[in-house]
1. Considering each residue of region 85-103, count those that are open to solvent by less than 30 Å² (accessible area, probe 1.4 Å) and assigned to a helix (DSSP H, G or I), and give that number.
2. Checking the condition open to solvent by 60 Å² or more (accessible area, probe 1.4 Å) and touching a Leu at 6+ places or on another chain (Cβ under 8 Å), which residue from Gln56, Gln36 passes?
3. Please tell me if Phe200 is touching an Asp or Glu at 6+ places or on another chain (Cβ under 7 Å), within 30 Å of Gln36 (Cβ to Cβ), open to solvent by 10 Å² or more (accessible area, probe 1.4 Å) and aromatic (Phe, Trp, Tyr).
4. Name the residue, out of Gly34, Gly2, Gly11, that is touching a Gly at 6+ places or on another chain (Cβ under 7 Å) and more than 20 Å from Leu87 (Cβ to Cβ).
5. Can you find, within region 173-197, the residue that is most open to solvent (accessible area, probe 1.4 Å) among those that are closer than 11 Å to Leu134 by Cα and in contact with a Gly (Cβ under 9 Å, 6 or more places away or on another chain)?
6. Could you check region 40-63 and list, in sequence order, the residues that are touching a helix residue (DSSP H, G or I) at 6+ places or on another chain (Cβ under 7 Å) and among the aliphatic types (A, V, I, L, M)?
7. Do any strands (runs of 3 or more DSSP E) lying entirely in region 104-209 carry at least 2 residues that are within 24 Å of Asp78 (Cβ to Cβ), and which ones are they?
8. Output the strands (runs of 3 or more DSSP E) that fall wholly within region 1-62 and possess 2 or more residues being modelled with pLDDT of 95 or more and under 16 Å from Gly94 (Cβ atoms), or say none.
Amino acid sequence: MGKRVAVVLAGCGVYDGSEIHESSAVLVHLSREGAQAEVYAPNVEQMHVVDHVKGQPTQEKRNVLVESARIARGNIKDLAELDVKGLDALIIPGGFGVAKNLSTWATQGKNCIISQEVESVLKAFHAANKPIGLCCISPVLAAKIFPGCELTVGHDTECEKWPYAKTAETMKELGCKHVNKHVTEVHVDTKNKLVTTSAFMCNAPIHEIYDGIGNMVQEVVRLA
């Protein structure tokens, strides 16, 4: 039997949900590693809905679980049903939904609140000594919950290639160690079993982002 890996989504679409390319890359690489993905999402209303053509919020209302089901091709469960006992690892792709629907990072930064369900799941995997893979913005969840952990969101100096590098500085303010890594690289915090990679925090060709996520998935499965 292959490893059973929980993948937690935050909606569907980079600006208000899970980043679709990152999510599908996680699922493809898990399949390649012979692992079984079990997809979950919280059954809650999104913070807001963004028109991805205009980049502007709309008056629409959408549900995180219903939207995430688009990526999971309908094969998804309510996050409230997740039982860490039957699972070997956890992966959370990025996208602004992590900072809007799984936490309040988008509006409150380091003073954010993590959704109680999401925090409980992360703490359960951590307590069970099971690996957690995080990419793009999702390492901020671990930064908030596990002080002193080691993470990467890419680089900590802002430039055209790294437009979101200030995130690394904020994570350091939470007491984390940030490790600069190229987009195809991962950082492994062996003590906390956290595997992180930058993904779309970097302005990089999509195949490099895909490769970085592949390296993250490979490490998670190896540690499981």
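The values are calculated or read from the model by the stated rules, or taken from the named source; none is laboratory data. Just so you know, these numbers come straight off a predicted model, no measurement behind them. Methodologically, a virtual Cβ is constructed for each residue, glycine included, from the backbone with ideal geometry; neighbour enumeration extends over all protein chains shown. Each accessible area value is taken on the protein alone, full model and side chains, heavy atoms only, with ligands, DNA and RNA left out. Shrake-Rupley method; radii C 1.70, N 1.55, O 1.52, S 1.80 Å.
1. Initially, region 85-103 is screened for residues open to solvent by less than 30 Å² (accessible area, probe 1.4 Å), giving 87, 89-95, 97-99, 101-103.
The next check asks that each one be assigned to a helix (DSSP H, G or I); those that pass are 97-99.
Matching residues across region 85-103 total 3.
2. On the way: Gln56 fails: touching a Leu at 6+ places or on another chain (Cβ under 8 Å).
Just one listed residue meets the conditions, Gln36.
3. On the way: touching an Asp or Glu at 6+ places or on another chain (Cβ under 7 Å): yes; within 30 Å of Gln36 (Cβ to Cβ): yes; open to solvent by 10 Å² or more (accessible area, probe 1.4 Å): yes; aromatic (Phe, Trp, Tyr): yes.
Yes; evaluated as a whole, the condition is true for this residue.
4. Numbers: Gly34 fails: more than 20 Å from Leu87 (Cβ to Cβ); Gly2 fails: more than 20 Å from Leu87 (Cβ to Cβ).
That would be Gly11, the only listed residue that is touching a Gly at 6+ places or on another chain (Cβ under 7 Å) and more than 20 Å from Leu87 (Cβ to Cβ).
5. Val186
6. Ala41, Val44, Met47
7. On the way: elements: 132-135, 187-189, 194-197.
Because the criterion is at least 2 residues that are within 24 Å of Asp78 (Cβ to Cβ), the strands (runs of 3 or more DSSP E) in region 104-209 that meet it are 132-135.
8. On the way: elements: 4-8, 36-41, 49-51, 56-58.
Result: 4-8, 36-41.
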